[in-house]
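Notes follow once the structure below has been shown.
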Amino acid sequence: MSVQPQRRKYGFSRTVEIPFDAAIEKTRAALKEEGFGVLSEIDIKEKLKEKLDVDFRRYTILGACNPSLAYKTLQEELEIGLLLPCNVIVYEADDKNKSVISAIDAEAMLSVVGNNLTLDQVASEANERLKRVISSL
């Protein structure tokens with residue numbers, strides 16, 4: 001049974017019944033299946049401890065990029081790099097046996113550019129891929 005991700009104003013989200021480490025691994029694999037590489041990884045828990053000496057739940061931001069989609073957007077609008085990559089977050093739910101995976105809504109993100117048919121099409125394709133990532137977990 002396919003479960004559709006929950007849509008938020010700026011992203012798609014799903015809670016899965018797998019622990020954090022497995023969720024990170026499965027998310028990376030699902031992104032790869034959809035043609036995304038992970039360009040950056042930020043461990044928020046670690047950074048908050050380091051910079052503020054506070055404890056926070058396990059929370060990672062994956063900066064995902066699909067090279068062909070990125071190239072199309074950069075050809076259309078050179079400054080679009082300000083909005084790249086597509087962020088995907090994985091964090092530990094209150095129940096430590098569950099995790100939440102969310103991906104940016106590329107259409108919402110690129111809406112700041114204004115009406116641009118090419119960018120709209122790329123954002124739509126990115127969303128379809130990201131929705132499949134979230135749904136596959």
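Filter the stretch 73-87 down to residues that are part of a helix (DSSP H, G or I) and under 18 Å from the mean Cα position of the chain (by Cα), then give me how many there are.
So the answer is 5.
Among the residues of the stretch 91-130, count how many are basic (Lys, Arg) and at pLDDT 95 or above.
2
What strands (runs of 3 or more DSSP E) completely inside the stretch 10-72 contain at least 3 residues that are touching a residue at least 40 places away in the same chain (Cβ under 8 Å)?
11-16
Which condition number does Tyr59 fail, the rest of (1) buried (at least 18 other Cβ atoms within 10 Å of the Cβ); (2) under 16 Å from the mean Cα position of the chain (by Cα); (3) more than 15 Å from Arg14 (Cα to Cα); (4) not aliphatic (A, V, I, L, M) being met?
Condition not satisfied by Tyr59: (3).
The values are calculated or read from the model by the stated rules, or taken from the named source; none is laboratory data. For clarity, every value in this text was computed on a predicted model and none was experimentally measured. Cβ sites come from the backbone with ideal geometry, for glycine too, and all protein chains shown count toward neighbours.
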